[in-house]
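These notes concern the structure reproduced below.
Where a number appears in this text, it was derived from the coordinates with a stated rule and is not lab data. Everything numeric in this text was worked out from a predicted model, so none of it was measured. Cβ placement follows ideal geometry from the backbone for every residue including glycine, while neighbour counts extend to all protein chains displayed.
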Amino acid sequence: MIKINSLTFNYQNNVPLFSGFDFNISRGETCAILGPSGCGKTTLLYLLAGLRQPTSGQISIGGQLLTRPRPQTGLILQDYGLLPWSTVYENVELGIRVRDFYGPDGKHAPDNFQSKNNISVWLERLGLSEVADKFLSQISGGQRQRTAIARTLALEPDLLLMDEPFSSLDAITREDLQNLTLSLCVENNLTLVIVTHAIEEAAALGKKVLLLNQAPNKNAHIFDNPNAGQKNHRSSQAFHELCDLLWKEMQHESA
Amino acid sequence: MNRRDVLFATLGLILIWQITALIVHRPILPAPWEVFVVFFKELGNGLLIHFGVSLWRVSAGMALSVLVAAPAGLAIGGSKTMDRFLSPIIYLLYPIPKVVFVPVVLLFLGIGDTAKITLIFLILFFQIIVLVRDQAVGIPPQLIQSLQSLGAGRRALFRFVYLPASLPAILTALRQSIGTAVAVLYISELFATKYGLGYYIYYQGSTLFNYPAMYAGVVAMSLLGLGMYFGVDWLERKWCRWKFVS
């Protein structure tokens, strides 16, 4: 699904965050990107979203070289991704309206895009029907994140990119939304890439955990976590062992 | 703004006017009751036409300035290149008091409505362009990127982000400019016209020395400004509902 070949990226006059970096993610796989602040987690996500371009090297998604945001990729950010002047319904509808605005041109919307109003279905699925007419200032942080997820899934993406989407939520809401995200990925056969700074979140969500280090990242440091998403995974021995391992690796790197 | 508070404020101002008129006790400051009687009488004697002409001029000036300055502000705020080249020019021109151009504009555009509307346009244009540009620049980049990830290009960003994000700024600029616009309207109507509240007030006060009628014109001009102020408030409540929810 995602192939990163010899990726090099640096911001102007800065040390490269990635240098000759290779990494692959299979279709339907969940991958958590973990690492200390400034290691390039969010930059890698933006590169995958097509919002930034590699200095050198290539990223291809679904066999297509990535040169701009692709219509089949959904991006969910921690904050700011929703329009404060729109209601929950209007926010969920936004992606569809943007596609209607351009039509199926293959650039802003997929070639085979056909406008359909599936908003109520997603509002219902994410438990937002009762707040559909509310503005963002009237709903909780968890409901905002659900709105962002609903908006993205209404476009029926094949790849979901999430940048620390649950970091500002309380523990119970966070776990609830993590479980919801995983079940939605299974239901819709989505490939998930989530950036997080929380070890437990990475170990709970990613079948593959990519640990980034201080720049420049040359080799992908990958931890396989095949039981992620399974029932009772969080209370399993494997989960705790992975958390311990990730913790030690991060401490070792920072030392 | 609470309607009851506005009513009480109006009554308070009328009371102060009444007391001042009693103290001054001269024809140049008639009592409010006398002015109100003349006001309603004058409505049928042409005041309504003067009001309509002034309303047209100020509304046209405001509409024109919004139609030109808002897209220009959005374009400058949404493009770093345009911002770098055009913002310094706007910031140099913005502080220049546009009222000083009254004679120049009259000379160039003649004695018709065009000159008067242009003067109002000139003042509002800079207020709106500066506020809208600042608002557009202040939009969080994450919001833009989030929309881009949904497939939004430049046109969709303007439609779905820049325009709605800047609406409150446009309305704030309009609200802040109403006082100035009406003042400039008064000055522009002192020259080369026989219609408009500015002409009416000046003619009644300085030529006919009919002070109650002059004050009736002042009341009409105040109502014009107040009506526009409430009109902008109404538009804000209609278009920016999200600002008023708790």
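Dividing the convex hull volume of the Cα atoms of the range B:30-244 by its residue count, what figure in Å³ per residue is obtained? Intermediate results must be reported in sequence, preceding the final value.
On the way: hull volume 29.4 nm³, N = 215.
Cα convex hull per residue, to the nearest whole number: 137 Å³.
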Along the range A:233-240, Karplus-curve 3J(HN,Hα) (6.51, -1.76, 1.60; θ = phi - 60°) to the nearest Hz, with x for Gly and Pro, reads 4, 5, 9, 7, 5, 4, 4, 5
For the range B:139-192 and the range A:135-168, compute the distance between their C-alpha centroids and round to whole Å.
-> 28
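Suppose R0 equals 45 Å. What FRET efficiency, 1/(1 + (r/R0)^6) with r the Cβ-Cβ distance, do residue B:142 and residue A:245 give to the nearest 0.05? Numbers along the way, then the final one.
Details: r = 32 Å, r/R0 = 0.72.
For R0 = 45 Å, the calculated efficiency reads 0.90.
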Between residue A:218 and residue B:4, the two model label points (7 Å from Cα along the beta-carbon direction) sit apart by a distance in nm of 7.5
Relative contact order in percent for chain A (Cα pairs under 8 Å, 6+ apart) equals 28
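Normalising by the residue count of the range B:30-244, find the relative contact order in percent from Cα pairs under 8 Å and 6+ residues apart. Working shown, then result.
Working: 227 pairs, mean separation 65.1, N = 215.
Here the relative contact order equals 30 percent.
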Got a sec? How would A:164, A:156 order by Cβ neighbour count within 10 Å, fewest to most?
-> A:156, A:164
Reduced to Cα centres, the span from the range B:44-123 to the range A:1-37 in Å works out to 52
Run a plain Debye calculation on the range B:1-122 (Cα atoms as equal point scatterers, no solvent) and give log10 I(q)/I(0) at q = 0.20, 0.23 Å⁻¹, rounded to two decimals, same order as the q list.
-> -1.11, -1.19
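For residue A:64 and residue A:252, what is the calculated FRET efficiency with R₀ set at 51 Å and r taken between the beta-carbons, to the nearest 0.05? Before the final figure, lay out each step's value.
Details: r = 38 Å, r/R0 = 0.74.
Computed FRET efficiency for residue A:64 and residue A:252 comes out at 0.85.
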Please order B:98, B:243, A:41 by the number of other Cβ within 10 Å, starting at the fewest.
-> B:243, B:98, A:41
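Pop the C-beta distance of residue B:49 and residue B:159 into the FRET formula with R0 = 45 Å and round what comes out to the nearest 0.05. List each step's numbers first, then the result.
Details: r = 41 Å, r/R0 = 0.90.
Efficiency at R0 = 45 Å is approximately 0.65.
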What is the order of A:108, B:25, B:50, fewest Cβ neighbours within 10 Å to most?
-> B:25, A:108, B:50
